[in-house]
């Protein structure tokens, strides 16, 4: 079990970072502003994060980690006991929407390449566990990242359940075709 002080510190920093994203956008946030907003000292901050990029990576990782292993029902959805790719993708999309302003700020506010990289790394780590090989894991990851980017750019206009089923249908068709072979 994690030290409660560590959990509180990291939650305060990530929460402050998320609020600042909404106010300023990613590129205009400074570490000092994160420190001030979270009431965390510089040494403590750097003991937990590698700059604001590290906070953004932790923000993305916290969503992916939660999606991978939900422990309790949440007010608007319950994914406990639901396994499989479709359920995990829908759960991820619901949390992306829940943090929509922050995700939108990361994609549109000057942090898109860093955000997409962090999302790709976090998703790949989880998808590699269900894929046959690294190529398949990268394919699944790329499709998921593009699904999220397109959905955010469309202002979350599609229902997350429908989008998750579409992602699963398309990726399962590719996965069912087996390893790629020369014709």
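Grab every C-alpha pair in the range 92-161, bin the distances at 5 angstrom width from 0 up to the longest one, and report whole percents.
P(r) for the range 92-161, in whole percents per bin: 3, 17, 26, 24, 17, 10, 3, 0.
On C-alpha positions alone, give me the angle between the axis of helix 85-98 and the longest principal axis of the chain, in degrees, nearest 10.
Result, in degrees: 30.
Where does helix 51-68 land angle-wise versus the long Cα axis of the chain, in degrees 0 to 90, nearest 10?
Tilt of helix 51-68: around 50 degrees.
Output the relative contact order of the chain, whole-number percent, from Cα pairs under 8 angstrom with separation of 6+ residues. Each step should come with its number before you reach the end.
On the way: 143 pairs, mean separation 40.9, N = 183.
22 percent.
In Å and on Cα atoms, what radius of gyration and Dmax does the chain show?
For the chain, the Cα-based Rg and Dmax read 17.4, 61 Å.
What is the gain in length, in nm to one decimal, between residue 36 and residue 98 on full extension, counting 0.36 nm per residue of separation less the C-alpha to C-alpha distance? Mind dumping the intermediate values first?
On the way: separation 62, 0.36 × 62 = 22.32 nm, distance 2.47 nm.
Working it through step by step, the gained length comes to 19.9 nm.
Label residue 50 and residue 129 with points 7 Å out from Cα along Cα→Cβ: what is the distance between them in nm?
Spacing of the two 7 Å Cα→Cβ label points: 2.3 nm.
For labels at residue 120 and residue 62 in the simple 7 Å Cα→Cβ model, what's the distance in nm?
Once both label points are built, they end up 2.5 nm from each other.
Between residue 24 and residue 158, what FRET efficiency follows from the Cβ-Cβ distance if R0 is 35 Å, with the result rounded to 0.05? Intermediate results must be reported in sequence, preceding the final value.
Numbers: r = 28 Å, r/R0 = 0.81.
Result of the calculation: an efficiency of 0.80.
Using a Gaussian network for the chain with springs between C-alpha atoms less than 10 Å apart, which of these wobbles most: 59, 115, 49?
Residue with maximal mean-square fluctuation among 59, 115, 49: 49.
Could the peptides 127-139, 20-32 be put in order, highest first, of the mean number of other beta-carbon atoms found within 10 Å of their residues? Mind showing how you got there, number by number?
Working: 127-139: 14.4, 20-32: 16.2.
Ranking, from highest mean packing down: 20-32, 127-139.
Based on the Cβ-Cβ distance from residue 8 to residue 150, what FRET efficiency comes out when R0 is 45 Å, to the nearest 0.05?
Details: r = 36 Å, r/R0 = 0.79.
Calculated value: 0.80.
Specify the angular offset, from 0 to 90 degrees and rounded to the nearest 10, of the alpha carbon long axis of helix 134-153 from the longest principal axis of the alpha carbons in the chain.
That works out to roughly 60 degrees.
Under the √(5λ) rule applied to the eigenvalues of the Cα gyration tensor, what semi-axes describe the equivalent ellipsoid of the range 1-63? Give them in Å, descending.
Details: eigenvalues 64, 32, 20 Å².
One finds semi-axes of 18, 13, 10 Å for the range 1-63.
Bear in mind that the values in this text are calculations on the coordinates, not laboratory data. The structure displayed is predicted, hence computed values, not measured ones. Virtual Cβ from ideal backbone geometry, glycine too; neighbours counted across all protein chains shown.
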